[in-house]
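The values are calculated or read from the model by the stated rules, or taken from the named source; none is laboratory data. Note that the structure is predicted; figures quoted are calculated from it, not measured. So basically every Cβ, Gly included, is an ideal-geometry build from the backbone, and we count neighbours across all protein chains shown. Please note that ligands, DNA and RNA were not included when accessible areas were found on the heavy atoms of the full protein model with its side chains. Shrake-Rupley method; radii C 1.70, N 1.55, O 1.52, S 1.80 Å.
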Amino acid sequence: MKPYQIVDRYARSVFELAEEQGKSETFAHEIDVLSRAMRNQPKFLDLLENPLVTREEKRALIKNILTVEAVHEPPLLLERFLTLLVEKGRIDLFSAMARQLHNKLNEKRGVQEATAVTARRLDPNVVELLKKALEKMTAKKIVLNLQADPSLLGGVRICLGNRLLDGSLRTKLDSLDSQLTMAKV
Amino acid sequence: MLKPEEVTSAIKSEIQKFEKRLQMESVGYVLQTGDGIARVYGLDDVMASELVQCSDHTYGIAFNLEANNVGIVILGSDADLKEGSLVRRTKRIVQVPTGNALLGRIVNPLGEPLDSKGPVPAKTFRPVECVPPNVVRRQPVKEPLQTGIKAIDSMIPIGRGQRELIIGDRQTGKTSIAMDTIVNQKGQGVHCIYVAVGQKLSSVVALAKMLEEQEAMEYTTMVVASSEDPAPLQYLAPYAGCAMGEEYLYNGKHALVIYDDLSKHAQAYRQLSLLLQRPPGREAYPGDVFYLHSRLLERAAKLRDEEGGGSLTALPIIETQAGDIASYIPTNVISITDGQIYLEADLFYAGIRPAINVGLSVSRVGGNAQTKIMKQVAGMLRLSLAQHRELAAFAQLSADLDQATKNQLTHGDRMVEILKQDTLACVPLERQVIAIYAGNKGYLDDIRLDLVKTFEAELYKFMETKYSAVVHDIVKEKVLSETIEKRLIEALSAFKKEFLTRHGN
Ligand SMILES: Nc1ncnc2c1ncn2[C@@H]1O[C@H](COP(=O)(O)OP(=O)(O)OP(=O)(O)O)[C@@H](O)[C@H]1O
Ligand SMILES: [Mg+2]
């Protein structure tokens, strides 16, 4: 099976389970936290994949990291999910699954995430305008992430799911440049 | 609610507990082993095709680098390798000893001696895999590499730095051609390396004995991975032999490497790939089987004079099944090489040996790799012989032929006869020129077919005793000047008259 299919299957199942328990929001949050923590500590993934660490040790390990003091209700579903992934040897796909779950939650809420990259920080009014325009285009609620990248020079580049709306000055100049160099021949 | 900082610190403390077991930079643990393959956990940062040490005397090559394990092929016996055994990195690519210490030796693909002459005292080593010289460093093939076989030197000339494939069914004389070529390199300053892949040990022993008897072992190395050696060693053998040849190539000397044979090499690689679960393609060979041979044969080269002018000639051998040169591996290798010598079982059994099918054999760099005199004498030979074969096949069907056709057939038959040659009967250039000149000019046409071989033998003797000046000039000038040709004709006429009176015809 292709990795994407695997990721989707696991993510869908666990999401449905969380929904049945009415905990999809909390669960998505927990997953988010964990995947961020794991990204900061890449050795942890090695540890979970290491065949020299026994099954029992891994189970204990997962329990330990999830029962931190401040939590009143231990994240049982997350613990089981993680254990399952480790035992099925799919833990390497964890971060992809976390991303997929995040998307699933957005879908459920009717939210679409978009990233707008601009050369300078945008004026709040303009951001609002942009958001309105995108909402009209997609007929979904838009959560806009703003990023600044001076190399764009001007204009805006918007990532909308798998689509790229590129209105940046940089790209226009680049294409002009390649047209001019082609014309020389 | 779960808080990021807390989770992170919990993770940190867990990692610390296991710190010891996470330090796996240069060792790995065997997860699973069998069929000469091991899957190993750990070995962080191992390089592709790096040598790893499995136990005291067993080594392996890191073949598959996967996300969470390394696929290793074991060079040797995997008997003492168990689940949980330790595997160490060596931080170097597989190397073989090179240089003159290897002359006269029989070694395995790792350069370890297989003969009884003690250790190999090599001073230099080379990695078995090596990037071939680029276009700028090469020059066109121009010096001939004489095989001593009339049919080849005259019609399918091989040059130093060329890659010429020898292809044919089993038992059609493929190895014999290679052996004759080695024997003929005596005193030519060409170092020979014979790589035996997947052959019976008995035939390897016979070849070694033969080379010894011919005093050809002095400048020859044999690299042997026989049929009972594990597939990884068979896979490695051609690259090891090539590396030994490269030592000469890059030092301005000349080397000849024979790969006998690459079909078995491809099979060994197929076995490895399937065991490593790489996806099979056509005939179950993996997708990169073309690259397997192209990267090997690209290493044959003729370097520019500024680079020392060294050369590495490759004579790969391919065994076909029932003459099928259109199957996967043969077509691949044909397209890589600079020509092929196609041996046919029918011809072999008909007594035409070497059993070269002239029509299907070519040398794509030929012209420049041939001495001038041979080019002058044998220029049209290949074409006319190919035509003769067709004509002969056609003539079998029709009863009455006109006189011109009959004459053409007699002439062709004599040419075929004179190109026949036994094994280990190398013919030097001047004799080849004389014989082919005589045949071409029709001196044999009225000799009985069964006397042609006697004619040839006596002609050589006659020329060398009575007309040694002409022979000498041929050797020295290597051009068929008018004066040489005139004296050659004179000698041939004189000899023929004498021959006819003696044998009465
Ligand atoms: N020119 C020749 N004249 C007479 N006999 C020959 C000639 N060439 C080869 N033979 C004989 O034919 C036999 C097979 O030759 P050889 O081993 O070279 O064939 P091969 O194609 O390499 O066989 P294999 O497929 O087993 O490797 C040998 O016994 C050899 O002596
Ligand atoms: Mg052979």
(message) Normalised by the empirical 2.2 N^0.38 Å for globular proteins, what value does the Cα Rg of chain B take?
(response) 1.19
(request) Go through B:Lys406/B:Lys486; A:Lys58/B:Lys17; A:Lys131/B:Lys3; A:Lys63/B:Lys3 and tell me which ones have a Cα-Cα distance over 19 Å in this structure. (result) B:Lys406/B:Lys486; A:Lys131/B:Lys3
(request) Apply the Karplus parameterisation 6.51 cos²θ - 1.76 cosθ + 1.60, with θ equal to phi minus 60°, to every residue of the stretch B:188-196 and state each ³J(HN,Hα) to the nearest whole Hz, in sequence, with x for glycine and proline. (result) 9, x, 10, 8, 10, 10, 9, 9, 9
(request) Could you give me the radius of gyration and the Dmax of the stretch B:380-505, taking only the C-alpha atoms into account and expressing both in angstrom? (result) 15.6, 49
(message) If a paramagnetic tag sat 7 Å from the Cα of A:Met137 along the Cα-Cβ line, which residues of the stretch A:78-113 would have the backbone N under 18 Å from that point?
(response) A:111-113
(request) Compute the long axis of helix B:482-503 from its Cα atoms, compare it with the longest principal axis of the Cα atoms of chain B, and write down the angle in degrees, 0 to 90, nearest 10. (result) 70
(message) Accessible area per residue for the protein assembly as shown in Å², computed with a 1.4 Å probe and the full protein assembly in place, what is it?
(response) 49
(message) What is the sum of charges, Lys and Arg at +1 and Asp and Glu at -1, for the other residues whose Cβ falls under 15 Å from the Cβ of B:Ser226?
(response) -4
(request) Measure nothing but the geometry: give the 0 to 90° angle between the long axis through the Cα atoms of B:381-395 and the longest principal axis through the Cα atoms of chain B, rounded to 10°. (result) 80
(request) Rank B:Val377, B:Phe290, B:Ala469 by how far each Cα sits towards the positive end of the charge dipole of the protein assembly as shown (+1 on Lys, Arg Cβ; -1 on Asp, Glu Cβ) and give me just the farthest. (result) B:Phe290
(message) Quick check: convex hull of the Cα atoms in the protein assembly as shown, volume per residue, rounded to a whole Å³?
(response) 258
(request) Heavy atoms only, probe 1.4 Å: what % of the accessible area of the stretch A:111-184 goes to carbon and sulfur, would you let me know? (result) 57
(message) Output needed: percent of Cα pairs per 5 Å distance bin for the stretch A:3-106, bins running from 0 to the one holding the longest distance.
(response) 2, 12, 25, 26, 21, 11, 3, 0
(message) Show me the ranking of peptides B:468-476, B:184-192 by mean Cβ neighbours inside 10 Å, starting with the highest.
(response) B:184-192, B:468-476
(request) For A:Lys108 paired with B:Ala393, estimate the spin-label separation in nm (one decimal), with each label point 7 Å from Cα along the Cα-to-Cβ line. (result) 7.6
(message) With a cap of 15 neighbouring Cβ atoms within 10 Å, and only residues DSSP puts in a loop, list the GluC sites (Glu not before Pro) found in the stretch B:182-224.
(response) B:Glu215
(message) Checking the cross-link filter: which lysines have an alpha carbon closer than 19 Å to that of B:Lys453, excluding same-chain neighbours under 8 positions apart?
(response) B:Lys150, B:Lys420, B:Lys441, B:Lys461, B:Lys496, B:Lys497
(request) First compute the accessible area of chain B with a 1.4 Å probe, then give the percent of it belonging to carbon and sulfur atoms. (result) 52
(request) Calculate what fraction, in whole %, of the accessible area of the stretch A:3-106 sits on carbon and sulfur atoms when a 1.4 Å probe is rolled over the protein chains. (result) 48
(request) Using only atoms on other chains, find how many Cβ atoms lie within 10 Å of each Cβ of peptide A:51-61 and report the average. (result) 3
(message) What lysines does A:Lys132 reach when the alpha-carbon gap must be under 28 Å and sequence neighbours fewer than 8 apart in one chain are set aside?
(response) A:Lys104, A:Lys108, A:Lys140, A:Lys141, A:Lys172
(message) Using a 7 Å offset from the Cα along the Cα-to-Cβ direction at both B:Thr124 and A:Arg55, what is the distance between the two label points in nm, to one decimal?
(response) 5.7
(request) Kindly work out what percent of the DSSP beta bridges joining two residues of the protein assembly as shown are antiparallel, to the nearest 5. (result) 55
(message) I need the peptides A:132-139, A:75-82 ranked by packing, meaning the mean over residues of other C-beta atoms within 10 angstrom, with the highest value on top.
(response) A:75-82, A:132-139
(request) Compute the long axis of helix B:452-466 from its Cα atoms, compare it with the longest principal axis of the Cα atoms of chain B, and write down the angle in degrees, 0 to 90, nearest 10. (result) 80
(request) Report, in debye and to the nearest 20, how large the dipole of the stretch A:3-106 comes out about its Cα centre when Lys and Arg carry +1 and Asp and Glu carry -1 on their Cβ. (result) 280
(message) If you take each beta carbon of peptide A:30-41 and count the beta carbons of other chains within 10 angstrom, what is the mean?
(response) 4
(request) Work out Dmax and Rg for chain A from the C-alpha atoms and quote the Rg first, both in angstrom. (result) 21.5, 71
(message) Which one, B:Val87, B:Ala399, B:Ser335, is farthest towards the positive end of the dipole of chain B when Lys and Arg carry +1 and Asp and Glu -1 on their Cβ?
(response) B:Ser335
(message) For B:Ala255, what residues show an amide H to amide H distance below 5 Å, using hydrogens built from the backbone and excluding near sequence neighbours?
(response) B:His191, B:Ser311, B:Leu312, B:Thr313
(message) Give me a comma-separated list of calculated 3J(HN,Hα) values for the stretch A:95-106, in order, Karplus coefficients 6.51, -1.76, 1.60 applied at θ = phi - 60°, integers in Hz, x for any Gly or Pro.
(response) 5, 5, 5, 4, 5, 5, 5, 4, 4, 4, 5, 4
(message) Charges on Cβ only, +1 for Lys and Arg, -1 for Asp and Glu, centred on the Cα centroid of chain B; of B:His265, B:Ile61, B:Ser154, which one is farthest towards the dipole's positive end?
(response) B:Ser154
(message) With a 1.4 Å probe, what is the total accessible area buried between chains A and B, in Å² rounded to the nearest 100?
(response) 2400
(message) Around B:Arg170, under 11 Å between beta carbons, what's the net of Lys plus Arg minus Asp minus Glu among the other residues?
(response) -2
(request) For A:Asp174 and A:Arg12, compute 0.36 nm times the residue count separating them, minus their Cα-Cα distance, and round to one decimal in nm. (result) 54.2 nm
(message) Please list, short to long, the whole-number percent of alpha-carbon pairs of the stretch B:441-481 in consecutive 5 angstrom bins beginning at zero.
(response) 6, 21, 20, 21, 19, 11, 3
(message) Quick check: net charge around B:Leu103, other residues with Cβ under 15 Å of its Cβ, Lys/Arg +1 and Asp/Glu -1?
(response) 0
(message) Can you show me the helix-derived [θ] at 222 nm for the protein assembly as shown, built from DSSP H runs with n ≥ 4 at -39,500 (n - 2.57) apiece and divided by the number of residues, rounded to the nearest 500.
(response) -14500 deg cm²/dmol
(message) Once the cut-off is 19 Å, how many percent of the Cα-Cα pairs in the stretch A:111-184 end up in the long-distance tail?
(response) 40
(message) Distance between the C-alpha centers of the stretch B:291-361 and the stretch A:33-73? Whole Å please.
(response) 59
(request) Only Cα pairs under 8 Å and at least 6 apart count here; give the relative contact order of chain B as a rounded whole percent. (result) 15
(request) Taking a cut-off of 14 Å between Cα atoms, list the aspartates and glutamates near B:Lys186, but don't count ones fewer than 8 places away on the same chain. (result) B:Glu212, B:Glu213, B:Glu215, B:Glu218
(message) If I model a spin label at A:Ala148 and A:Glu25 as a point 7 Å from the Cα along the Cα→Cβ vector, what separation in nanometres do I get?
(response) 3.3
(request) Count neighbours as other Cβ atoms within 10 Å of each site's Cβ, and list the GluC sites (Glu not before Pro) in the stretch B:1-70 that are DSSP loop with at most 14 such neighbours. (result) B:Glu25, B:Glu66
(request) Scan the stretch B:224-295 for GluC sites (Glu not before Pro) in coil per DSSP, keeping those whose Cβ has at most 11 other Cβ atoms within 10 Å, and list them by number. (result) B:Glu228
(request) Quote to one decimal, in nm, the extra length available between B:Glu298 and B:Asp346 on full extension: 0.36 nm per residue of separation minus the C-alpha distance between them. (result) 14.0 nm
